[in-house]
Amino acid sequence: MTTVSERTGGPATGRAPAPSASFAGRRRPGEFLIKLGLRVAAGITVITTVGILIALLIPSLSFFAEVPVLEFLFGTRWAPRFADASFGVLPLVTATLWTTVIALLVAVPFGLGAAILLAEYAKPRVRKILKPLLEILAGIPTVVYGFFALQFVQGTVLRDWLQLPTGAFSVLAAGLVMGVMIIPTIASIAEDAMSAVPSALRQGSAALGANRMQTTLRVVFPAALSGIVAAVVLGISRAVGETMIVAIAAGSQAQMVSNPLEQGQTMTGFIANAALGDSRVGSLEYNTLFAVGLLLFLITLLINFISIRFVRRFREAY
């Protein structure tokens, strides 16, 4: 093959060395093993999820063969072990909603506030100290939180200090402490998302005359929205699925909760208590565990679906 200089008769010009023809097709065993490992990990995740769904679905079908779905979803009396058994799950759902909403009212403002402080205002040296201290809360066993809610929040704060008309248990105490437990999760993930926003956006906002708070709320926050929503959704999932705190502090009486000072049994609280009982495997009482577990799974799935739609609707790409 002749070059241009050869065809025109001019001097030969310097050219970059041609890429090795064998480089693109060279076999890379390490990269192949990494891809294989990632695919296996992704496959195990999907298989595990499908396995959990099947494990919940099969006993639940046996349950719904004896109990109508509408009676289960809209019944207001939950007494699966009584002689006159009733399988309305609404008392468990209302208690779960109370504890989840109370927990989010505590965790979201404090968690996002901590994230803004760490990402936008704290100096690097202060951040290195505060963030590990905050994340220590996430490592405390939930059974410790449960006894803290029962002994200190319910017994001392609500009854002795505030003189509130409440008994030995309440969904308020369980929700408040559950919110404290979730704060590190929301703060850590939201802070990571806000720190990942390019500094050029902050500099551009400052160049237009915005102060730091305006930049944080109108530039950084929307740019990190997907990560912040993921943090909140993870917090919701933890609140809905939390077991030990509600089993210890919320009470074990399944009833329609209309006041946060009342006790109530959540879905996870019922599963924890019933799983330790003496129900015969395959009986209707035993299958109630899986029916409630399936409903909990579907609620969590619905929350994740809504959050994905929300992120896709309002996310700002940069």
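Could you please put Glu285, Glu66, Glu120 in sequence from largest to smallest accessible area, using a 1.4 Å probe? Mind showing how you got there, number by number?
Values: Glu285 70, Glu66 125, Glu120 25 Å².
Largest to smallest exposure gives the sequence Glu66, Glu285, Glu120.
In segment 253-307, how does Rg compare with the Kirkwood Rh, expressed as the Rg/Rh ratio over alpha carbon atoms?
1.06
For segment 120-215, what size does the Cα cloud have along each of its three principal axes, sorted from largest down, in whole Å?
57, 27, 19
Enter the accessible area per residue of segment 185-301 (Å², integer; probe 1.4 Å; all protein chains in place).
43 Å²
Per 5 Å bin from zero, what fraction in whole % of the C-alpha pairs of segment 206-260 is there, up to the bin with the longest pair?
Here the calculated profile for segment 206-260 is 4, 14, 13, 14, 10, 9, 9, 10, 8, 5, 3, 1.
By accessible area of protein heavy atoms, probe 1.4 Å, what ranking do Arg28, Arg218 get, highest first?
Arg218, Arg28
Normalised radius of gyration for segment 152-279, please: alpha carbon Rg relative to 2.2 N^0.38 Å, two decimal places. Each step should come with its number before you reach the end.
Working: Rg = 20.5 Å, N = 128, 2.2 N^0.38 = 13.9 Å.
Its radius of gyration relative to the 2.2 N^0.38 Å reference: 1.47.
If you stretched the chain out fully between Ile306 and Ser252, how much longer would it get, using 0.36 nm times the residue separation minus the C-alpha to C-alpha distance?
That works out to 16.4 nm of additional length.
What is the Cα centroid distance between segment 193-260 and segment 43-100, reported in whole angstrom?
Here the two parts' Cα centres lie 29 Å apart.
I'd like the per residue volume of the convex hull spanned by the Cα atoms of segment 26-177, given in cubic angstrom.
Normalising the Cα hull of segment 26-177 by residue number yields 240 Å³.
For Ala55 and Val40 in the same chain, what is the full-extension length gain: residue separation times 0.36 nm, less their Cα-Cα distance, in nm?
Once the chain is fully extended between Ala55 and Val40, it gains 3.2 nm.
Could you list log10 I(q)/I(0) for the chain at q = 0.10, 0.13, 0.15 Å⁻¹, which the Debye formula gives when each Cα is one point scatterer?
-0.75, -1.07, -1.23
What number comes out for the charge environment of Ser279, summing +1 per Lys or Arg and -1 per Asp or Glu over other residues with Cβ under 11 Å away?
Numbers: positive: Arg81, Arg280; negative: Asp278, Glu285.
Local charge sum for Ser279: 0.
Given a 1.4 angstrom probe, I'd like the percentage of the accessible area of the chain that is carbon and sulfur, rounded to a whole number.
Of all accessible area on the chain, carbon and sulfur atoms account for 67 percent.
Quick check of the Kirkwood formula: for segment 165-223, what is the inverse mean of 1/r over all pairs of different Cα atoms, in Å?
14.1 Å
The values are calculated or read from the model by the stated rules, or taken from the named source; none is laboratory data. Keep in mind it's a predicted model, so treat the numbers as computed, not measured. Because the Cβ atoms are built from the backbone with ideal geometry, glycine has one as well, and the counts that use them run over all protein chains shown. Heavy atoms of the whole protein, side chains included, go into the accessibility calculation; ligands, DNA and RNA do not. Shrake-Rupley method; radii C 1.70, N 1.55, O 1.52, S 1.80 Å.
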